[in-house]
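To start, the structure under review is shown below, and the notes come after it.
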Amino acid sequence: GAHDGDKIVITNLPGWSAAGLFLLQNRVNASAVHPARAVERALAQFRAPLVLYADAVALLGAHAMSDTSDGLLTQGAQMADASGVRFQIEASLLAKHPDFEDLSALAHAVGADVWDWIGAGGEDHAFLATGHDLPAYEIGVVTAGSGVELIGVSKTPQGFTHFK
């Protein structure tokens, strides 16, 4: 249902669950990493992802919507393909999200790529939607074409894949 000219919005910044998984898989000493609130949030989101169903209800006027449990770019590609359009997601808009600074600082502190977490992390359960005047955070635009593009990031984000 996404249409050329729709705005792409998201209810919260993805990447927190992937950050928590990274901390655990790499046995990072969480007490030595700052900001501590980012560590706590990442671990909490990995262990028990928060699903805010009220956010989905608020987006009932959307032309298209999905959660981001398989990752922002994966879900964006699925929505774009199903709608016969292209999703252009702007890294610069994601970087302006109020939670980006903490997530980016955490990635820097542990030697990770924040865009891997945001673009390909998964298990965050934010809601991704398209439409006009939607009550969520704008991250891009729907255009004619196909697929999904994360504009402003030179390397394709890497995350979990079922067939490694």
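The values are calculated or read from the model by the stated rules, or taken from the named source; none is laboratory data. Here the structure is a predicted model, which is why all the values come from computation and not from measurement. Virtual Cβ from ideal backbone geometry, glycine too; neighbours counted across all protein chains shown. For accessibility, only protein heavy atoms count, side chains too; no ligands or nucleic acids. Shrake-Rupley method; radii C 1.70, N 1.55, O 1.52, S 1.80 Å.
Structure above, values below:
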{"read-out": "Segment 100-128 - residue that is touching a strand residue (DSSP E or B) at 6+ places or on another chain (Cβ under 9 Å) and closer than 18 Å to Leu50 by Cβ and, of those, surrounded by the most Cβ atoms within 10 Å (Cβ to Cβ)", "value": "Ile118"}
{"read-out": "Index of the failed condition, Val51 passing every other in (1) surrounded by fewer than 21 Cβ atoms within 10 Å (Cβ to Cβ); (2) of a type in the set (Val, Ile, Thr); (3) in a helix (DSSP H, G or I)", "value": "(3)"}
{"read-out": "Subset of segment 74-99 (residues that are in contact with a Leu (Cβ under 7 Å, 6 or more places away or on another chain) and either open to solvent by 30 Å² or more (accessible area, probe 1.4 Å) or at positive phi (or both))", "value": "Asp99"}
{"read-out": "Filter pass, Val141 being of a type in the set (A, V, I, L, M, F, W, C), at pLDDT 95 or above and open to solvent by 40 Å² or more (accessible area, probe 1.4 Å)", "value": "yes"}
{"read-out": "Residue count, segment 6-48 (criterion: among the hydroxyl-bearing types (Ser, Thr, Tyr) and either assigned to a helix (DSSP H, G or I) or in contact with a Lys or Arg (Cβ under 6 Å, 6 or more places away or on another chain) (or both))", "value": "2"}
{"read-out": "Helices (runs of 4 or more DSSP H) (entirely within segment 74-130) containing at least 3 residues that are of a type in the set (D, E, K, R) and in contact (Cβ under 8 Å) with a residue 40 or more places away in the chain", "value": "none"}
{"read-out": "Residue list for segment 54-73, restricted to those being open to solvent by 70 Å² or more (accessible area, probe 1.4 Å) and either under 11 Å from Leu134 (Cβ atoms) or of a type outside the set (Val, Ile, Thr) (or both)", "value": "Ala54, Leu60, His63, Met65, Asp70"}
{"read-out": "Test: residue in segment 93-106 that is under 22 Å from Thr156 (Cβ atoms) and small (Gly, Ala, Ser)", "value": "yes"}
{"read-out": "Those residues of segment 131-153 which are touching a Lys or Arg at 6+ places or on another chain (Cβ under 7 Å), hydroxyl-bearing (Ser, Thr, Tyr) and assigned to a strand (DSSP E or B), in sequence order", "value": "Thr143"}
{"read-out": "Failed item in (1) hydrophobic (A, V, I, L, M, F, W, C); (2) open to solvent by 30 Å² or more (accessible area, probe 1.4 Å); (3) touching a Gly at 6+ places or on another chain (Cβ under 6 Å); (4) free of Cβ contacts under 8 Å to residues at least 24 places away in the same chain, with Leu43 passing the rest", "value": "(2)"}
{"read-out": "Condition met for Pro35 (under 18 Å from the mean Cα position of the chain (by Cα) and either closer than 14 Å to Asp102 by Cα or in contact (Cβ under 8 Å) with a residue 24 or more places away in the chain (or both))", "value": "no"}
